[in-house]
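The values are calculated or read from the model by the stated rules, or taken from the named source; none is laboratory data. As the structure is a prediction and not an experimental result, all values here were calculated from the model. Reconstructed Cβ throughout: ideal geometry from the backbone, glycine too, with neighbour counts over all protein chains shown.
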Amino acid sequence: MSFDWEWVGSHRDDLATLTVSHLQAALTAVLLGLLISLPLAVLAHRVRPLRGFLLGLSNVLFTIPSIAVFVLLLPVSGLTRTTTVIGLTIYTLVVLLRNTVEGLDSVPQKTKEAAKAMGTRPLRTLLTVELPLALPVIMAGVRIATVMSISLVSVATYIGDGGLGQLFTDGFQRNFPTPVIVGVVLTLLLALVADALLVGVQRLLTPWARTRTRKA
Amino acid sequence: MIQFEAVHKRFPNGTTAVHDLSLDMPEGGVTVFVGSSGCGKTTSLRMINRMVDPTSGTIRVGGRNVLEQDAAELRRSIGYVIQQAGLFPHRTVLDNIATVPLLLGWGRKKARAAAGDLLERVGLAPEMGRRYPHQLSGGQQQRVGVARALAADPPVLLMDEPFGAVDPVVRTQLQDELLRLQRELNKTIVFVTHDIDEAVRLGDRIAVFRTGGHLVQCASPAELLARPADDFVADFLGAERGLKLLSLTALVDVKQGAAPDGGPWELVLDGARKPVVWRERGGAGGAEVPVRPLRDTDSLLSALNESIASPSGLVARVDAEGVLTGVSSRSDIHSAAGDAHLRGAGNGATSPDGGAPAPEPSAPTAATPRGSAPDPAAQSPQGLDLPAPADAPADGKSGRGVA
């Protein structure tokens with residue numbers, strides 16, 4: 001029961017394909033999650049009565065076990081990548097929606113007031129003042145959603161997808177630990193690298209926060 | 001320039017913020033809305049640029065009903081300085097100032113250039129432009145707030161307790177700065193504060209509001225101090241309103257005579273006949289007391305102060321160059337102070353050094369700060385140990401060295 005480096009060497013191409021496929025599924029889900037949660041969050045932020053409903057709904061969705069989600073989706077989209085992405089997207093919504101709403105809430109009233117008083121219209125205020133200032137909180141959500149999606153992709157192995165997750169089933173079925181270990185390590189690396197990249201992106205997008213030495 | 005006609009504002013919760021406000025603010029000049037919190041002064045200000053819409057009544061800016069204009073466009077045409085600056089934390093100082101020019105579609109280059117000019121105008125170094133607001137002190141942020149409001153050169157400037165959050169020394173500097181800017185730009189300014197001293201200092205006219213949104217009195221500072229409309233206004237002006245009035249009256253009309261030859265104290269002059277010190281007569285080793293010479297534009301309040309501080313009871317009077325023109329006695333200053341109080345708003349003293357004339361005829365042009373153009377030579381006569389720091393205006397309005 002030792003680690004089989006030879007297996008790794010001979011499956012290099014397969015591992016690369018699985019890694020790319022894994023990352024694709026996770027990132028597509030996060031991007032879709034952002035696209036859906038941004039307008040919903042703006043709505044929840046502006047229309048108070050909707051806020052509880054939307055956040056509650058996303059919480060309820062989160063409590064559905066991940067396998068159940070995929071099974072429930074089978075009649076709709078079958079054993080496809082689409083099913084994987086839809087399932088993952090649902091999970092990203094909870095984090096992204098909540099963080100985006102909280103990010104928008106965190107924008108100081110005074111700053112929004114100033115934008116209005118200068119003659120900025122609501123849409124421009126949202127795009128050029130509120131979203132940039134909400135970015136740190138939104139990005140925190142994006143980081144969590146990304147890492148979470150990267151680890152969740154493996155669950156989709158049960159519907160024949162699952163990227164690196166396929167290594168787990170393969171290893172278990174053959175009682176051969178090497179693919180399992182490789183799968184775990186690659187998943188971990190993916191998550192760490194993705195998170196580090198997102199931190200870099202956030203720093204680039206929020207130059208004002210870099211110079212922050214004391215609270216204004 | 002700005003007219004309120006029977007303006008009411010009731011909030012949905014039933015409170016009346018502004019009650020039947022009619023007020024006409026002429027072009028140029030500073031109108032200060034003053035009153036305790038909840039008196040409707042800020043709501044009144046915010047109705048001018050439609051941050052709040054009135055329940056009934058009409059507000060006109062430059063002859064045009066504000067309710068008939070697009071709110072965002074109206075706001076771009078009116079400068080607004082918000083409490084505690086309210087700068088955009090994610091934009092550099094330069095981009096903060098360029099906000100309205102960019103909204104007006106000037107293009108980034110032209111907007112930045114205008115912002116750079118404004119930065120200089122409010123007394124900030126060009127390299128400040130690249131910083132973010134949180135890297136500036138409170139006073140600097142406030143200057144940026146003023147620059148941002150002025151960026152598109154609006155004729156009207158609204159200021160909502162802009163200097164409320166900075167310490168008294170910085171506040172005095174910012175007030176001086178605003179008066180200097182106003183001399184250059186002559187905007188129509190509406191300024192909200194709860195600080196009556198600030199109102200007296202900055203205002204060409206002061207509108208006193210009472211809880212419930214009633215305008216009680218609107219008058220020039222001198223008239224307000226001399227003839228408060230009722231007990232509420234009198235209380236609001238405070239027990240020292242007589243002294244505040246003296247701070248608005250110039251020394252120019254007070255009798256002056258030659259410096260006395262006798263008496264226990266001698267006024268020592270330098271070669272250029274500039275006062276140096278009060279020295280006790282009677283040989284060497286006589287005590288010396290600093291002298292703080294006053295110009296004609298200085299206020300009666302500072303003269304009164306100096307007459308108390310001076311060991312001889314005499315106040316040294318100098319011209320703009322700091323050369324002695326004579327001395328005034330404690331009793332002459334005292335009686336002038338009494339006269340000034342009697343005459344109240346009828347004070348005939350004019351701005352003696354050709355400062356910008358007050359823009360409306362009813363405003364007496366006594367030695368309000370904007371009447372005394374800065375003259376570094378006169379403010380800090382060489383070789384004198386002034387009680388006030390050399391960089392503070394020595395007109396008794398610096399808030400220091402005066403009771």
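Being in the same structural domain as B:ASP235 (by TED's automatic domain parsing) and without any contact (Cβ under 8 Å) to a residue 60 or more places away in the chain narrows it down to one residue among B:VAL192, B:VAL208, B:VAL200; which is it? Just one listed residue meets the conditions, B:VAL200. With respect to the stated conditions, A:ALA115 is more than 7 Å from chain B (Cβ to nearest Cβ) and within 21 Å of B:LEU150 (Cβ to Cβ).
Take the residues in the stretch A:178-204 that are surrounded by 15 or more Cβ atoms within 10 Å (Cβ to Cβ) and within 30 Å of B:LEU94 (Cβ to Cβ), then tell me which one is nearest to the other protein chains (Cβ to nearest Cβ). Result: A:GLN202.
Taking the criterion of being within 14 Å of another protein chain (Cβ to nearest Cβ), of a type in the set (Gly, Ala, Ser), surrounded by 22 or more Cβ atoms within 10 Å (Cβ to Cβ) and out of contact with any Cys (no Cβ under 6 Å at 6 or more places or on another chain), would at least one residue in the stretch A:128-150 satisfy it? Yes; the residues of the stretch A:128-150 include at least one that is within 14 Å of another protein chain (Cβ to nearest Cβ), of a type in the set (Gly, Ala, Ser), surrounded by 22 or more Cβ atoms within 10 Å (Cβ to Cβ) and out of contact with any Cys (no Cβ under 6 Å at 6 or more places or on another chain).
Kindly check whether there is at least one residue in the stretch B:148-169 that is away from chain A (no Cβ under 14 Å), surrounded by fewer than 23 Cβ atoms within 10 Å (Cβ to Cβ), in a helix (DSSP H, G or I) and out of contact with any strand residue (DSSP E or B) (no Cβ under 6 Å at 6 or more places or on another chain). Yes, the stretch B:148-169 contains at least one residue that is away from chain A (no Cβ under 14 Å), surrounded by fewer than 23 Cβ atoms within 10 Å (Cβ to Cβ), in a helix (DSSP H, G or I) and out of contact with any strand residue (DSSP E or B) (no Cβ under 6 Å at 6 or more places or on another chain). If the condition is being surrounded by fewer than 19 Cβ atoms within 10 Å (Cβ to Cβ) and facing another protein chain (nearest Cβ under 7 Å), then the stretch B:73-83 contributes only B:GLU73. Based on this model, can you work out whether B:GLY242 counts as in contact (Cβ under 8 Å) with a residue 12 or more places away in the chain, surrounded by fewer than 19 Cβ atoms within 10 Å (Cβ to Cβ) and touching a helix residue (DSSP H, G or I) at 6+ places or on another chain (Cβ under 8 Å)? For B:GLY242, the condition - in contact (Cβ under 8 Å) with a residue 12 or more places away in the chain, surrounded by fewer than 19 Cβ atoms within 10 Å (Cβ to Cβ) and touching a helix residue (DSSP H, G or I) at 6+ places or on another chain (Cβ under 8 Å) - is met.
For B:LEU267, indicate whether it is in contact (Cβ under 8 Å) with a residue 40 or more places away in the chain and assigned to a loop (DSSP other than H, G, I, E, B). No: the conditions fail for B:LEU267.
As a summary of the residue check, B:PRO264 satisfies the conditions (1) within 26 Å of B:ALA320 (Cβ to Cβ); (2) at pLDDT below 85 except for the one numbered (1). Out of everything in the stretch A:151-171 that is surrounded by fewer than 21 Cβ atoms within 10 Å (Cβ to Cβ) and not hydrophobic (A, V, I, L, M, F, W, C), what residue ends up being nearest to A:THR17 (Cα to Cα)? Of everything passing the filter in the stretch A:151-171, A:GLN166 is nearest to A:THR17 (Cα to Cα).
From the list A:ARG121, A:ARG174, the lone residue that is within 14 Å of chain B (Cβ to nearest Cβ), surrounded by fewer than 22 Cβ atoms within 10 Å (Cβ to Cβ) and basic (Lys, Arg) is A:ARG121. Take B:LEU136 and decide whether it is under 23 Å from the mean Cα position of the chain (by Cα), closer than 22 Å to B:THR172 by Cα and in the same structural domain as B:VAL170 (by TED's automatic domain parsing). Here the answer is no, as B:LEU136 does not meet what is asked.
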